[in-house]
Amino acid sequence: MPIRYNFDVLAALKENGYSTYRIRKEKLLAESTVQAFRRGELVTLENIARICELLHCQPGDILTYESEETE
């Protein structure tokens, strides 16, 4: 996949006071979304928007596009 995360999203959330316990308790993200971040899988734009809201950042701060050049 040519799109990847720039950093560990769950670690960044934890640094900003959002432990996985708090995320679940306050229903900030679905459990499936938390698991997708753990596996490095891409999530919906709605979830990216929620992360941007929580971390006060832009989608470009979270995601990077790297072209897949075939040789």
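Amide H contacts of Leu63 (H built 1.01 Å from N, in plane; Pro and chain starts excluded): Asn6 sit under 5 Å, all sequence-distant by 5 or more or on other chains. Solvent-accessible surface of the chain, taken per residue with a 1.4 Å probe and all protein chains present: 72 Å². Of the trypsin sites (Lys or Arg not before Pro) found in the chain, the ones in coil according to DSSP and having at most 13 other Cβ atoms within 10 Å of their Cβ are Lys27. Phi-derived couplings, Karplus 6.51 cos²θ - 1.76 cosθ + 1.60 at θ = phi - 60°, listed residue by residue for the stretch 38-49: 4, 8, x, 7, 6, 10, 5, 5, 4, 6, 4, 4 Hz, with x used for Gly and Pro. Solvent-accessible area assigned to carbon and sulfur over the chain amounts to 49 percent, based on a 1.4 Å probe. Using C-alpha pairs below 8 Å separated by at least 6 residues, the relative contact order for the chain is 50 percent. Label the stretch 22-71 by shape, choosing from rounded, prolate and oblate, from the square roots a ≥ b ≥ c of the eigenvalues of the Cα gyration tensor; if a/c is under 1.5 it is rounded, and otherwise prolate applies when a/b is larger than b/c, oblate when it is not. Oblate. Annotation: Ser32 carries an accessible surface of approximately 80 Å², with a 1.4 Å probe and no ligand, DNA or RNA atoms counted.
The values are calculated or read from the model by the stated rules, or taken from the named source; none is laboratory data. Since we're looking at a predicted model, the values are computed, not measured. Reconstructed Cβ throughout: ideal geometry from the backbone, glycine too, with neighbour counts over all protein chains shown. To get the accessible areas, we keep the full protein, side chains included, count just its heavy atoms, and leave off ligands, DNA and RNA. Shrake-Rupley method; radii C 1.70, N 1.55, O 1.52, S 1.80 Å.
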